[in-house]
Each structure stands twice: as C-alpha cells, then as structure tokens.
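Let me begin by presenting the structure, written as structure tokens, before commenting on it.
The values are calculated or read from the model by the stated rules, or taken from the named source; none is laboratory data. Small disclaimer: the values here were computed from a predicted structure and weren't measured. Here the Cβ positions follow ideal geometry from the backbone for every residue, glycine too, while neighbour counts run over all protein chains shown. Areas reflect the complete protein model, heavy atoms only, side chains present, ligands, DNA and RNA absent. Shrake-Rupley method; radii C 1.70, N 1.55, O 1.52, S 1.80 Å.
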Amino acid sequence: PLVFCPPTVTSPCKILKCNSEFWAATSGSHHLGAEEAPEFCTALRAYAHCTRRTARTCRGDLAYHSAVHGIDDLMVQHNCSKDGPTSQPRLRTLPPGDSQERSDSPEICHYEKSFHKHSATPNYTHCGLFGDPHLRTFMDTFQTCKVQGAWPLIDNNYLNVQVTNTPVLPGSSATATSKLTIIFKSFQECVDQKVYQAEMDELPAAFVDGSKNGGDKHGANSLKITEKVSGQHIEIQAKYIGTTIVVRQVGRYLTFAVRMPEEVVNAVEDRDSQGLYLCLRGCPANQQIDFQAVRSAQATEGRARRKGPSLPAPPEAFTYETATAKCREKLPVEDLYFQSCVFDLLTTGDVNFMLAAYYAFEDVKMLHSNKDKLHLYERTRVLSPGNTAPTGTHPTLWVALLCLCWLCLL
C-alpha cells in the first residue's frame, strides 16, 4: 500500500530529469564495444554534472543519493576519468532483441487475449482528474474537490496512483495537482515493479529507473511509455491489464486520465479499506465543493465589492461573463467540463485551467468506451455511510458561510 504523507511543497529537486537524460543518451550502451567506451564516459560525466547542479535542492532525496553513488560505481567499472568532455552523445536506437524492443510477449501479458479468451469483450471504465481539481470517477460521477496534500486515486492489486494537490495561490483553498506517482506492481512473467513520477515542470518520458518498459521479464513490452509532446503529454500502455494512462502538464499543473477494465478496477483484496480510493469512491463529502453555492457566492461578492473598496482584487479580471465567454472558445457544450472551466477561471484567474478542462474532455473522448456518456450535466455529491451532511443548521446560514469562504479566497 502507498504511504500517504502530509501536504508538502513540491520539491525543486531535478534528479528525475538527470536520470532520464542519462538513460536517453546511453540506451543499449551495454552492447558497446571497447572502442565506444569514451562515449559512455562522456554521458556519465554529463550525468554527474547534472546531479551537481541540482545537489542543493536534493538534500534528503533518496533517489538523488542513490544516483550519486551509482555514478561513482559506474565511473570505476568503466575506468572513466572524472575530467573530460560532458557534451551529450547522440541518442541510440536499441539493437533487435533488446528487452526494450521485445514484441514477442506471452499471451498472459495481453489482457484481452488472456483474461477474456472465451468471453465477451471486457467493459472499460474511465477516471480523470484535472483543474482545481475536478474528478470524474469510474462510475461517471463528477465532483469538484479540495483534497489538499497527498491522496490515492487508484489502489488495486495491479497498480497504485497517488496525487499531491497544492494551493494555487498563497492562502487560497483552490488547489491543483502538482505531483503524480504511479506504481505498477510486478506481475507474473510480464513486468517488474515500475514507478513513474511527474512533478510541476517535470514530465519524464521514462520510469524513475530510466527505463521505458516493464523491465527484463519476457513480457516487458506489455508496459510501455510513449512521449506524445515533450514535457507536456505522455501515455502509458499497460497491455497486461488492458489499461491506458494519459498524463499531461498544462500550465504548471498536471492532469490524469485512465481507461481501465472493470475487472481490474474492482480487483482489490479488501474492499472495506478502499474508502480513500478517489477514482472508485469519489472525494469524501467534507472535501467536496458545490458549484451552485460558489456561483451564488460569486454574485454576492460582486454586490459587496460595489458597496466599498475594502475587498482585494481577484487574481485576474475575470467576471462570470468573461470567464463564460473564454471557456466557450474551447468548450462549446455547456456541460460539467465547461462549468469546471468557468469555476477555475473565477477561482484562479489562470487561463491555463481552461486548457486543462479542454484536454480533460479530449482525453474522455479518446478513452471512454461509451460515447453516449462523454458529456455530463449533473453534479454528484456522494455521501458515504457515516459521512452524512450536517444537520440542525439552517440552510440560509450554510449559504452565508459559503459566501464568506468565497470572500476569504479573494
């Protein structure tokens, strides 16, 4: 299981970038002849130089310290001098037969061929997280949540996905996804355990260990990362569990979308322990935000602003009307993706959130198996047992409190 930590500021440590650059420069280097050893040493020195540049921001980072020790070991093994050129060598294509290019995966490593050999095509489901943040669950419920800090999106027998959401503005309750960790668990003869991690301004096209597939097992190519747009869009295909994951960086923040068979979604050892599995159960009721209440609060705030100059100005000059017009440029259908866009422009003033909503809907069109359910119009508030709405409080008071919270945001 994942360990959930308290909210933290996104680390500026860039060790993942160093790892990826070294891997890209030396893929297949274990096949090099002796005459090409200097090229490997050049890449190794560039790797060492990269780690030194990020050393100050990586104190206490285990991946950083592991990389530093690994570099020293490789320097000794390949008899590399620490002094010399550090320019990056050309990218290599791997020789036929290398594990990174293996295509002869066993049948067990192809979900549709192995799990459903004698049955109908499996039912696929979709989950997505984007913006401030908005969640579409596997059950096609749609929620807007606070969920600051680290939260599990998916936690089943095959993989774990955890997101970290941080405040968009100092002192604001508006949050967005600043870090994403995906753990693919070791599976039979198909894949070794692999970890993918992305952060703000760092969207690697490789796993944490620098590889781009499932490792050294016979079916390693049934797990593969593809870079669609450098630094902006990657796709992970996990054919052995019939799953496709799309991760994007839009502006400073990350979006997540997944297509997964129902059988995999529900493959959990203890369903009672899955209460925080957001893609399956949704956000806890006390973490959900009501669109309608916020819209009413925005109108109330506008009237209050006209009565006096004491309230601070919003981050950008978006009114409800200008936000609506802006969102309509990319999202002509006024569904929940459109409304999410309007909400995010009003709460953050950042036009990149319009693009996040747009790409989230594009991912739904690509990943959702039921084309009749692409657009959603009804917001969903799920109250789990023991997590019911508060009683004994007059509704008018709750509206007043929500309006007050909105004013505090500004």
Out of Thr164, Thr175, I need the residue that is within 15 Å of Cys283 (Cα to Cα), without any contact (Cβ under 8 Å) to a residue 60 or more places away in the chain and not assigned by the TED database to the domain that holds Ser20. Which one?
Thr175
Please go through the stretch 149-181 and pick out each residue that is hydrophobic (A, V, I, L, M, F, W, C), open to solvent by less than 10 Å² (accessible area, probe 1.4 Å) and within 12 Å of the chain's Cα centre (by Cα).
Leu153, Ile154, Val161, Val163, Ala176, Leu180
How many of the residues in the stretch 182-206 are surrounded by 18 or more Cβ atoms within 10 Å (Cβ to Cβ), touching a strand residue (DSSP E or B) at 6+ places or on another chain (Cβ under 7 Å) and without any contact (Cβ under 8 Å) to a residue 40 or more places away in the chain?
1
Please verify whether Asp363 is assigned by the TED database to the domain that holds Leu254 and at pLDDT 95 or above, treating the condition exactly as stated.
yes
Hey, can you tell me all the residues within the stretch 326-337 that are modelled with pLDDT under 95 and assigned to a helix (DSSP H, G or I)?
Leu336
Give the residue, chosen from Ala150, Ala176, Ala205, that is in a loop (DSSP other than H, G, I, E, B) and either touching a Phe, Trp or Tyr at 6+ places or on another chain (Cβ under 7 Å) or among the hydrophobic types (A, V, I, L, M, F, W, C) (or both).
Ala205
